[in-house]
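Below is one structure, written out as structure tokens; comments come after it.
The values are calculated or read from the model by the stated rules, or taken from the named source; none is laboratory data. Worth saying up front: this structure is predicted, and the values here are computed from it rather than measured. Note: ideal-geometry Cβ built from the backbone for every residue, glycine included; neighbour counts use all protein chains shown. Accessible surface is based on the protein model in full, side chains and every heavy atom, while ligands, DNA and RNA are left aside. Shrake-Rupley method; radii C 1.70, N 1.55, O 1.52, S 1.80 Å.
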Number of protein chains: 2
Amino acid sequence: MSDLSLVPLNEFKRVQTMDCSAVDRSRLFATLSRINTLYMIARAGSGHVGSSFSSLDIVSWIYMNELRCDDIYYSSKGHDAPGLYAALIGLGRLDFDLLHSLRRIDGLPGHPDVGTPCIETNTGSLGMGISKGKGMIFARRRAGKETHVYVMTGDGELQEGQFWESLASAVNQNINEITVIVDHNKIQSDTWVSQVNDLGDLEKKIGSFGWHVVRCNGNDAAELQKTFAALKTVTDKPKLIIADTIKGSGVSFMDYSSREQDEGSGDALYQYHSGAPDAETCQRAVDELVQSANSQLSVLGELPLRLETGSRNQQRPATDPQRLIAAYSDALLAAAEANPDLVVLDADLVKDCGLLAFRDKFPDRFIECGIAEQDMVSQAGGMALQGLLPVVHSFACFLSTRPNEHIYNNATEGTRVIYVGSLAGLLPAGPGHSHQSVRDISALSAVPGLSMVEPCCESEVAQLLAHCMNDRRDSYYLRLVSIPCEIPYRLPDDYRVETGRGVAITDGNDAVMFSYGPVMLPQAVRAAGFLQHEYGLGLKVANLPWLNKLDPDWLRGIIEDYDFVFTLDNHYIRGGQGEMIASTIAALGLTQCPLVRHFGLTTVPLCGENNEVLKAHHLDAASLAGSVAQNIHEAREARIEQRPAVDMTLKS
Amino acid sequence: MSDLSLVPLNEFKRVQTMDCSAVDRSRLFATLSRINTLYMIARAGSGHVGSSFSSLDIVSWIYMNELRCDDIYYSSKGHDAPGLYAALIGLGRLDFDLLHSLRRIDGLPGHPDVGTPCIETNTGSLGMGISKGKGMIFARRRAGKETHVYVMTGDGELQEGQFWESLASAVNQNINEITVIVDHNKIQSDTWVSQVNDLGDLEKKIGSFGWHVVRCNGNDAAELQKTFAALKTVTDKPKLIIADTIKGSGVSFMDYSSREQDEGSGDALYQYHSGAPDAETCQRAVDELVQSANSQLSVLGELPLRLETGSRNQQRPATDPQRLIAAYSDALLAAAEANPDLVVLDADLVKDCGLLAFRDKFPDRFIECGIAEQDMVSQAGGMALQGLLPVVHSFACFLSTRPNEHIYNNATEGTRVIYVGSLAGLLPAGPGHSHQSVRDISALSAVPGLSMVEPCCESEVAQLLAHCMNDRRDSYYLRLVSIPCEIPYRLPDDYRVETGRGVAITDGNDAVMFSYGPVMLPQAVRAAGFLQHEYGLGLKVANLPWLNKLDPDWLRGIIEDYDFVFTLDNHYIRGGQGEMIASTIAALGLTQCPLVRHFGLTTVPLCGENNEVLKAHHLDAASLAGSVAQNIHEAREARIEQRPAVDMTLKS
């Protein structure tokens, strides 16, 4: 079943002009927005339902009742974006057609981006919201504008140090034009906040920083009305509302609030944090929401809700794909069994990082650090100093940057730490640039004694992890693509991981292309096929899993007698593997050097469906083949023109 | 006058075996340690007197009375290292001769490093201490050891978010074997903590996180004895002592506690935060300390203190040096006058970053963020979104890494922010690797729309800043060397900064060397002199202030007809300017390519006197000249052997 229900714009208009109280209007508006949120996420195939639903009553109330002309609202957590979009679309502030294009190019990004109307700031990792608000207020004051800034944060987000870092100066600088709303839904990515890293007495904590703190039911418009009204009288302090909410609020089976918080281990993970519910689940949820809307309408003497339908995007699932995270999960277990000093640290991504099996098997060797990457990496440093081998996990985008200095600090101590960054690279492209880790190689490549590697298939995951474990000297950064990938190659049976070396996986006489990982290496191999069939050119593709190390002898052997070398990074070209390869070639002292060209990202990655984004960045196989052919053609033309008239000898 | 007083080891031994109370012994020991701290700093020519003195009573007490065999003590702030070293030397835990080699190669690093006996962990920027301690305790528990960890922190350090990030999990994980001592001396780098970013009610704040908090006079051994004794009974919580101390305690004129906290502006900066006092000041301080020791000894019926003398290292001051920070200070003022939207943000380094003049002239456009780099950069992002042009300052080592993701996040919003990182590069080498910013180019080079530049002299500072201001599109990272530098060149009168381009400043036919900045460019130019005179080789030196951008046409013109290209980075080779140059050369498609060799750092930089460190890394002019000559010689030999027998044509 691919039909999905949606609420058309005129139904939102009806609600906005209905003769009813502000509270009733906001309630109804939020319910309608929930239906469209579900539509957007189901159509896109991914998105955060739980967090959108927990915050939607607040978003609806603020937009419909609090925001004056110069005021600003934004979410610091960002993954509640679908809910926010649904509300903005319902209000007519975003074009209605955008409802159909969540997580698509030229549509609505997975996380907020200022390129979208009404979106005030981009999100990154968590905790930046209050800081940005302080800056905005400073600027608005200078411009002579009276502005109030409303910032939504998550509650897991409060584990980030920057949240606390940002509190003090707001008081000291009298930044009183800010109201922070903590969407306190009690569940973060992995499980209950209280089980990850309990927040303790939040009112006391935040109050002790000099903020005015109040608490209310954040899913009840009547309470929100009272709460915001009362805050109007507080003008001498920054304000914070702890809004007790329910993740998945509005749909009975998405609401876990009734469950026992201690009911279980990994099996008790909340199911509706991210990802699209299946068709049947979606329909059940919509049915509930429609029933809820209709009973609200009926009380108000209004006609029932009129829905329209849209269709779910059909995406072909990968056939027999390689799943690197699952392979890593197995390899980690094996490594842990062999080495009792191996301990695992996680930053609230136990499932995404493939750690459930380890946690269940070695609970005493598993440390859940919460959304606190700096604390996690420094803890790992302390463990390593005392003889343990910590293996540290998060998404690559956060792990490489937020504790960037901490990784360097550990490296200066000469200890061994293994860092594992998942969700690496351009794809999935749906979450948007805050999650597309295409700068991590550059951000860490200069850390002394830190080798960076990326496997291109499941078997290489195991080999590389074993290599990390057996190396007695270096620290490692293991870069993992998270999406399932179809790969059109198989590494040679006798291939063994060796430092700074890779392996050729196709033959070809005209050019060499280096790449790595299960997203780009397949593009390179497919490009080789196109080149052969469409341009009559032979491309030798080499898999080089080493991102910041290169054996010059191996390199020399691979490129010898080739006029053209191409590199293909799942990363910005600047600071990626390609620059290292080019730099090493330049140092080989070849008398005749190949032309080197880089493929990779040069601009902030687009958000969209995976294949459309690859293509838009000209990194799909067909585009690559075309570029390679053109480069070879142009260079051959140019070289023939420039061929030196005399024998080439050394000038000296 | 170059003689300096020091306390010999046998006087420390006398104190340790004296028949007196633990309190008296600790007091006396701390006084003696202060004398030797002053000796070390005066001899080294730099170091942190104020912070060493405020903490020395605590350090002395802990080492003499609290630490059991498996216990661990370290400082998270790190710049109190001279005081700690003096105590460890007095206790015989460090070799006495190390007293003479603070901030020297093979001596005692400016900030803690695990290469030194008894130093448990390295410091980086502030705020890592508790996190590391938690990791150590986890490891010690696994090893079945009963360990108590004592961590000293600063009070300005509490402005860092990681401090707060690290508090919650200590409680949740029952990490009760930790005692944090906040050296609450009320003065951070710039001025009073309360004026930078007031900490508020610390007891309430930290207590609200579930820690057991007590407060005492941290310069009074008797109070310390009572406080630590009382904490022994608290075994169910992590513990924190707010130790009220006096910066510079022990020497009347270094103690600012009696001054009014609001007495003034920039002129009221504390004088003894860092840097060595002059000879006369030093002697006055020693006289006071000796008098204090002698009166303590006299009360105990002991003979007066017997001192020895050592000498101050004589360093030739630079002749007519270029001072880039001062030049920047002037250029910033000019820019600010021209652009009312320009605002300045600082992270507690107003003097070091050259911002005093701006702050005095434009107090409304100056934001002191405190030691809170993430908060600062995100605030700047908020300001930029609202139309201001924020210019953001800190030391390069911290600015490029701690808010690394935040800089990227701002970049994804397409706004303009200018980042200015001072104390960039290998020198000064005295503070040690936590402050030697040799990874910042790499850490930020891939940020889209962020151009990175480094001026080589005062006039180029002004030109580059003007260029940043006039560019309507890009953000900038301005990398500034802080030490005064003698430069053996003058940029051509008609030189104008152009994107991605530089300028040749010496002629030479055999090779080209690219470099930048007032530390390395002089080495390159002097190396050119050596090469001419000693090896008969001509080196063309090019100044290229662009660190992550390069105009291929300009590059082609500079290297055309040269067989050898050298690059010289004030940075790790990996990810530095040199790799970008090599990579660009490889993409030029030259039929005959030069041999490219990189100079720069490959290992964690050494701590020491500037010239000795340059030499130890083979980056001084003489070493460079030798390496260049050898490279050219070897390559010419090899190329003559390999000269192709046939005309070089394209294979295809």
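Overview of values
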| quantity | calculated |
| --- | --- |
| Kirkwood hydrodynamic radius of the range A:169-321, from inverse mean 1/r over distinct Cα pairs, in Å | 19.0 |
| Rounded to whole Hz, the Karplus (6.51, -1.76, 1.60) HN-Hα couplings of the range B:191-207, x for glycine and proline | 6, 4, 3, 5, 7, 6, 6, 3, 7, x, 7, 4, 4, 5, 4, 6, x |
| Two-site label geometry, A:L67 and A:A326: point separation in nm, points 7 Å out along Cα→Cβ | 4.3 |
| Dipole of the range B:1-129, positive direction: furthest Cα of B:M128, B:N10, B:M64, with charges on the beta-carbon | B:N10 |
| Cα centre as origin, Lys/Arg/Asp/Glu Cβ charges: the protein assembly as shown dipole, Debye | 140 |
| Kirkwood estimate for the range B:131-200, i.e. one over the average of 1/r between Cα atoms, Å | 13.4 |
| Given charges at Cβ of Lys, Arg, Asp, Glu: chain B dipole, positive-most of B:L480, B:C20, B:C397 | B:C20 |
| Residue order for A:H533, B:H184, A:H467 - accessible surface, 1.4 angstrom probe, largest first | A:H533, A:H467, B:H184 |
| Inter-copy spacing of A:A622 label points, which lie 7 Å from Cα along Cα→Cβ, given in nm from shortest upward | 6.5 |
| Heavy-atom surface of the range B:113-198, accessible at 1.4 Å and reported per residue (Å²) | 22 |
| Debye intensity ratio in log₁₀ form over the Cα atoms of the range A:435-589, taken at each q of 0.20, 0.21 Å⁻¹ | -1.39, -1.53 |
| Cα principal axis extents for the range B:1-128, largest first, Å | 41, 40, 24 |
| Carbon + sulfur, % of accessible area of the range A:153-255 - ligands and nucleic acids excluded, 1.4 Å | 49 |
| Positions from the range A:123-144 whose accessible area shrinks by 30 Å² or more when the full protein complex is built, not the chain alone, probe 1.4 Å | A:M128, A:S131, A:K132, A:G135, A:M136, A:F138, A:A139, A:R142 |
| Rounded FRET efficiency, nearest 0.05, which uses the C-beta distance separating B:T233 from B:A334 and R0 of 60 Å | 0.45 |
| Between helix B:49-61 and chain B: long-axis angle, C-alpha atoms, 0 to 90°, nearest 10 | 40 |
| Nearest-first distances (nm) between copies at B:E498, label 7 Å from Cα via Cβ | 4.7 |
| Under Karplus coefficients 6.51, -1.76 and 1.60, residue-wise ³J(HN,Hα) of the range A:236-242 in Hz, glycine/proline x | 10, 8, x, 10, 9, 9, 8 |
| Fraction of accessible area attributable to carbon and sulfur, the range A:495-652 (%, probe 1.4 Å) | 46 |
| At least 50 Å² of accessible area lost relative to the chain alone, listed for the range B:196-211 with a 1.4 Å probe | B:N197, B:K205, B:S208, B:F209 |
| Angle in degrees between helix A:458-470 and the longest Cα principal axis of chain A, rounded to the nearest 10 | 80 |
| Under 5 Å, built H, 5+ apart or other chain: amide partners of A:D569 | A:F599, A:G600 |
| Accessible area of the range B:432-490 divided out per residue, in Å², using a probe of 1.4 angstrom | 26 |
| Partner lysines for A:K351 [C-alpha distance under 23 Å; skip if fewer than 8 residues away on the same chain] | A:K77, A:K186, A:K247, A:K361 |
| Cβ charges +1 (Lys, Arg) and -1 (Asp, Glu), total dipole of the range A:28-148, debye | 300 |
| Probe 1.4 Å, accessible area per residue of the range A:495-652, Å² | 37 |
| Value of Rg/Rh across the range A:344-494 [Cα atoms, Kirkwood radius] | 0.95 |
| The range B:324-424 - percent of accessible surface contributed by carbon and sulfur, probe 1.4 Å | 53 |
| Chain pair A, B: total accessible area buried, heavy atoms, 1.4 Å probe, Å² | 10000 |
| Inter-chain Cβ neighbour average for residues B:154-165, partner chain, 10 Å | 6 |
| Solvent-accessible ranking of A:K205, A:K232, largest area first, probe 1.4 Å | A:K232, A:K205 |
| Rounded to whole Hz, the Karplus (6.51, -1.76, 1.60) HN-Hα couplings of the range B:216-226, x for glycine and proline | 7, 7, x, 9, 10, 4, 5, 5, 4, 4, 5 |
| Chain-alone versus full-assembly comparison, the range B:567-582, residues with accessible loss of at least 50 Å² (1.4 Å probe) | B:R574 |
| Normalised per residue, the volume of the convex hull around the Cα set of the protein assembly as shown (Å³) | 169 |
| Net dipole in debye of chain A [+1 Lys, Arg Cβ; -1 Asp, Glu Cβ; about Cα centre; nearest 20] | 1420 |
| Backbone N within the range B:1-40 under 20 Å of label point (7 Å from B:T309 Cα along the Cβ vector) | B:1-11, B:35-40 |
| Viscosity 1.567 mPa s, temperature 4 °C, Stokes-Einstein D of chain A from Kirkwood C-alpha radius, µm²/s | 49 |
| Estimated translational D of the range A:118-256 in µm²/s (Stokes, Kirkwood radius over Cα pairs; 37 °C; 0.692 mPa s) | 208 |
| Inter-copy label distances at B:D236 (7 Å, Cα→Cβ; nm, one decimal) | 3.8 |
| Distant-in-sequence amide H partners of A:Y256 (H built 1.01 Å from N, under 5 Å) | A:K247 |
